[in-house]
Amino acid sequence: MTKQPSARLWEKGTDLDEAIHRFTVGDDPVWDRQLVHWDCLGSAAHARTLNRAGLLTAQELNSLLKALAECDSAAQRGAFEIPPELEDCHTAIEAALVASCGPAGEKIHAGRSRNDQVATAMRLFMRSHTLRWLGCLARFAQAALDRGRRDGGIAMPGYTHMELAMPSSVGQWLHAIAEATLEQMRAAFDLLERMDACPLGTGAGFGVPLPLDREHTAALLGFQRVQRSPIDVQNSRGRMEKYFLRVAADIGALLEKLSGDMLLFVGPAYGFIELPESMTTGSSIMPQKRNPDVLELLRAHGARLRARVAELEWVTGKLPSGYHRDLQLSKEPTIRTGNELVDMLAIAGRLLGEFKINAERMAAAMRPEIYATHAALALVRQGVPFRQAYRRIGAEITAGRFEADPAIIGSTEPGFVSDDTWQTVATDLGKLTARATAERRRCEQAEAALLQIGE
Ligand code: ARG
């Protein structure tokens, strides 16, 4: 058995089995790289609160803030190491503070635990990613809106059960995507509201017997409220992550539907749309191939986000109250999801802007029976009871006598999206975007002030 160097925070001088150490540390040094920034901000807020409580002098505080800013900028450059023997980013940061600030570094952990630290770092990570998603969703909705306004007037069949149903249009299809995206923006705001409570100051999960002003810590970190119950802070680890992943999974499902639609439409059976050559990939054996791999991967990424929710449900669902090391495994799906969704939305927005439309193929697919409902309703407008009109048109179709009257074809109004409707989408999108920008500014201002050294 190899002995680990005495660097862990909880080191008591006894040996730890090397394999056990490696197993318990797991991937933390990898995922925690993305938490260094957030832990530096949490540490700065905690140090400021310790100073307010008279437990750190102004000088000590300033030296800690300076060292935290250095850790943070090293992390931005990719130069902040988390050696596996130090377990995680919290330990590596504390070690750096002790190295550069001496006794002040040894004071910072008073009144906190890695349990409330990691909850805080994860919440800040999720908040910042939710805000990024909002920006991405706004750009994606804008792409649907722009394309809809440009090409929405092109007629296209509408399907139910994948069978011809009623006349529709490119605009009606894109309008659905735009509206669903606005709905996901609302869901993201709801998520922000749920997460807007500060975990810091609750220690290992039962509070800390020091006069820490938690309201102050929360305000410094840009949280609107304190998460009051220390046990609930630990219980909400995993729960908040699930809220975060569920919103992501719903957005993923939207992109999955979009890519599924596009895959049908690019295929030879439909031939309604085409991807620009630069967006397709080739085959290693079949020279003629130009494949829509990008759509398939978007679909698979969307599906995988649902699997991540299931992963979290299983990892965290069975736990009794309080902290358990199981929670460490909630980081990977959460951090991966935060980052991936940004890429997925950017790619999906590009697809919406750049696919090519084959209007003739769409028009050719609109066989006469697609106008049957319109023909029945034209009779209704002439005073025929609907069920009779329905039977009359049905009989014409069965007998092969139905011809779509051009007057009816010309009045397929509901299948197209009006300028007014696009305008309401634009107005809603504008309001949601402004709200997202304000929210992002509020959080970023609080974050930017944390590492700044005052007078
Ligand atoms: N890596 C740990 C986690 O994610 C950090 C907290 C460790 N706390 C502890 N009591 N071992 O949960």
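Bear in mind these aren't lab numbers, they're just calculated from the coordinates by the rules spelled out. Values in this document were obtained by computation on a predicted structure and should not be read as measured data. Here the Cβ positions follow ideal geometry from the backbone for every residue, glycine too, while neighbour counts run over all protein chains shown.
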Partners for Lys356 among lysines (Cα-Cα distance below 21 Å; same-chain residues under 8 apart left out):
Lys257, Lys289
Which order, highest average first, do 69-76, 285-292, 420-427, 253-260 follow once you tally other Cβ atoms within 10 Å for each residue and take the mean per peptide?
253-260, 69-76, 420-427, 285-292
In whole angstrom, the spacing between the Cα centers of the stretch 1-80 and the stretch 243-272 equals 41
Distance in nm between pseudo-label sites at Phe386 and Ser284 (7 Å out along the Cβ direction from Cα)
5.7
Can you give the calculated 222 nm mean residue ellipticity of the chain, where each DSSP H run of n ≥ 4 adds -39,500 (n - 2.57) and the sum is split over every residue, rounded to the nearest 500 deg cm²/dmol?
-20500 deg cm²/dmol
Average projection area in nm² (convex hull over Cα atoms of the stretch 69-140, one quarter of hull surface)
6.2
Given C-alpha coordinates of the stretch 408-452, what is the ratio Rg to Rh with the Kirkwood estimate of Rh?
1.46
Among 217-229, 123-135, the order from most to least packed when residues are scored by Cβ within 10 Å on average:
123-135, 217-229
Where the centre of each part is set by its Cα atoms, how far does the stretch 371-447 sit from the stretch 303-363, in angstrom?
31
Pairs of alpha-carbon atoms within less than 8 angstrom and 6+ residues apart define the contacts here; what relative contact order does the chain have, in percent?
20
Kirkwood Rh for the stretch 295-350 from C-alpha pairs, in Å, is 12.6
Under the Kirkwood approximation for Rh and a Cα-based Rg, what ratio Rg/Rh is obtained for the stretch 47-176?
1.35
Quick calc of log₁₀ I(q)/I(0), the chain, Debye, one scatterer on every Cα, no solvent, q values 0.11, 0.12 1/Å, result -0.92, -1.03
For helix 293-317, report the angle its Cα long axis makes with the longest principal axis of the Cα atoms of the chain; keep it between 0 and 90° and round to the nearest 10°.
50
Can you tell me the equivalent ellipsoid semi-axes for the stretch 126-189? Use √(5λ) from the Cα gyration tensor, largest first, whole Å.
29, 14, 6
Taking only C-alpha positions in the stretch 341-451, Rg and Dmax in angstrom work out to 24.2, 79
